[in-house]
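Asks: Dropping a structure here in structure tokens format, bear with me for questions.
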Ligand code: SAM
Ligand code: SF4
């Protein structure tokens, strides 16, 4: 195999961050993410544990420094912890971090094992702490399990960042209390604008809440200090004065930060997507199964050339989603 060239796209951006959707399946059905009758890929179409580990190895060899496992719900896949362990072998020799985004429902069972495997931080999605609102948003979820999972993660020594999708008329009144709770508990909070990815049962425009207005409101209640922290992602950050808590805002609709994008996403179907907001992907699974590691490298190079300059999300009543894929397939 030839030396491993760095991952630099056609716009001069260096890719150092890989997200992997290990499964599109989930034990919840958040209304903005999936339809109630979502159909999932047959298991045979997913990359195997060995294939996922091989792809991860190759990305690390080519300069990726951070890998996030996501989904769907990563903790519903039985071998996710094995994958974490395989990836974690690279920690300190190329890889800075392996981490996870989870809905938290199975965190209580797995928190200690994640920590033992080398995970230091997790993102936990919680759109509401009110049991009824949570059940409504997720269609049947029990927020208590998530809260217990968050406690277990913290007890195991994992730093927790909360993810909250801002939903007009559903959880907007809970945003300030969520930030107060995060600040009092030593957690970070990232607020996310609903993105038009895949068809769901409702019109996302009805629930879209622009974070520009939310930020104005939060600034009246909290002393928020702009923070220069950048991750190469779409978030901008503030510190809650007097606390260690960082507030992040992911505003793909109201402010675009694609210029510094440093990430690519390996989807559940084995395709590498260069942008959350575009349908074009390169089939790493076919390359790997057909031509082995050399084919994998060629496919990654091909993908890099195709990374678009930016996404072009639009939320408007009746508008079609930007992609056919749901976030759960691409990996949020
Ligand atoms: N199941 C895990 C969870 O919920 O954290 C991981 C996968 S989920 C797709 C990752 C993140 O994407 C979650 O914070 C979720 O709220 C967010 N998300 C899902 N669909 C979205 C959409 N259409 N727009 C914005 N955020 C979305
Ligand atoms: Fe599942 Fe996460 Fe999508 Fe909710 S946001 S349905 S928890 S994948």
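Quick note: the coordinates plus some simple rules give every number you see, no bench work behind them. Model, not experiment: these values are computed from the prediction. When we count neighbours, we look across all protein chains shown, and the Cβ atoms used for this are built from the backbone with ideal geometry, even at glycine.
Asks: Shape call for the stretch 103-180 from the C-alpha gyration tensor, a ≥ b ≥ c root eigenvalues: rounded (a/c under 1.5), prolate (a/b greater than b/c) or oblate?
Replies: prolate
Asks: Rounded, prolate or oblate: which fits the stretch 1-61 when a ≥ b ≥ c are the square roots of the eigenvalues of the alpha-carbon gyration tensor, with rounded for a/c under 1.5 and prolate only if a/b beats b/c?
Replies: Verdict is oblate for the stretch 1-61.
Asks: Using the basic label-point model (7 angstrom from Cα toward the beta carbon), what is the residue 45 to residue 116 distance in nanometres?
Replies: 3.6
Asks: With each run of n ≥ 4 DSSP H residues scored as -39500 (n - 2.57), what mean residue ellipticity at 222 nm is computed for the chain after dividing by its residue count and rounding to the nearest 500 deg cm²/dmol? Let's see the in-between values first.
Replies: Values: 9 runs with 102 residues, N = 332.
Computed mean residue ellipticity for the chain: -9500 deg cm²/dmol.
Asks: Would you work out the relative contact order for the stretch 1-62, in percent, from Cα pairs under 8 angstrom that are 6 or more residues apart? Can you show the working numbers first?
Replies: Numbers: 22 pairs, mean separation 23.5, N = 62.
Averaging sequence separation for qualifying contacts and normalising by length gives 38 percent for the stretch 1-62.
Asks: Further question on the same structure: I'd like the orientation of helix 211-221 relative to the chain: the angle between its Cα long axis and the longest Cα principal axis, in ° from 0 to 90, rounded to 10.
Replies: Orientation of helix 211-221: about 50 degrees from the principal axis.
Asks: Given 20 °C and 1.002 mPa s, how large is the Stokes-Einstein diffusion coefficient of the stretch 139-248 in µm²/s, with Rh as the Kirkwood radius over Cα pairs?
Replies: 141
Asks: Looking only at 184, 113, 44, which one moves most when the chain is put into a Gaussian network model with springs between Cα atoms under 10 Å?
Replies: 44
Asks: I've got another one for you. Before anything else, pin down the relative contact order of the stretch 149-278: Cα pairs under 8 Å, at least 6 apart, normalised by residue count, whole percent. Please list the in-between numbers first.
Replies: Numbers: 186 pairs, mean separation 28.5, N = 130.
Reported relative contact order: 22 percent.
Asks: Report, in degrees rounded to the nearest 10, the 0 to 90 angle that the Cα long axis of helix 49-61 makes with the longest principal axis of the chain.
Replies: Between helix and principal axis, roughly 90 degrees.
Asks: Determine the shape class of the stretch 28-160: with a ≥ b ≥ c the square roots of the Cα gyration tensor eigenvalues, call it rounded for a/c under 1.5, and otherwise prolate if a/b is greater than b/c, oblate otherwise. Write down the numbers at each step before the final one.
Replies: On the way: a/c = 2.38, a/b = 1.42, b/c = 1.68.
Here the stretch 28-160 falls in the oblate category.
Asks: Once label points are set 7 Å from the Cα along Cα→Cβ at both residue 168 and residue 8, what is their separation, rounded to one decimal in nm?
Replies: Between residue 168 and residue 8, the label points sit 4.4 nm apart.
Asks: Let me ask something additional. If you take the Cα atoms of the stretch 17-330, find Rg, then find the Kirkwood Rh from the mean of 1/r over all pairs, what is Rg/Rh? The partial results should precede the final answer.
Replies: Details: Rg = 18.7 Å, Rh = 19.9 Å.
Rounded to two decimals, Rg over Rh is 0.94.
Asks: For residue 244 and residue 109, calculate 0.36 nm times their separation in residues minus their Cα-Cα distance, and state this gained length in nm to one decimal. Each step should come with its number before you reach the end.
Replies: Working: separation 135, 0.36 × 135 = 48.60 nm, distance 2.73 nm.
Length difference between fully extended and current span is 45.9 nm.
Asks: Suppose the chain between residue 216 and residue 229 were pulled fully straight at 0.36 nm per residue; how much longer would it get relative to their current alpha carbon spacing?
Replies: Using 0.36 nm per residue and subtracting the Cα-Cα distance, I get 2.7 nm.
Asks: Please give the helix 284-305 orientation as an angle from the longest Cα principal axis of the chain, in degrees from 0 to 90, rounded to the nearest 10.
Replies: Result, in degrees: 60.
Asks: What share of the DSSP beta bridges in the chain is antiparallel, in percent to the nearest 5? Can you show the working numbers first?
Replies: Details: 16 of 49 bridges.
If I count the DSSP bridges inside the chain, around 35 percent turn out antiparallel.
Asks: Further question on the same structure: Using a 10 angstrom cutoff on alpha carbons, build the Gaussian network for the chain and name the most mobile of 73, 193, 220.
Replies: Highest fluctuation among the options: 220.
Asks: Something else: Would you look at the GNM of the chain, springs on alpha carbons closer than 10 Å, and say which of 128, 35, 21 moves the most?
Replies: Of the options given, 35 has the highest mean-square fluctuation.
Asks: So between residue 148 and residue 180, what do we pick up on full extension, going 0.36 nm a residue minus the alpha carbon distance?
Replies: Numbers: separation 32, 0.36 × 32 = 11.52 nm, distance 1.86 nm.
Roughly 9.7 nm would be gained on extension.
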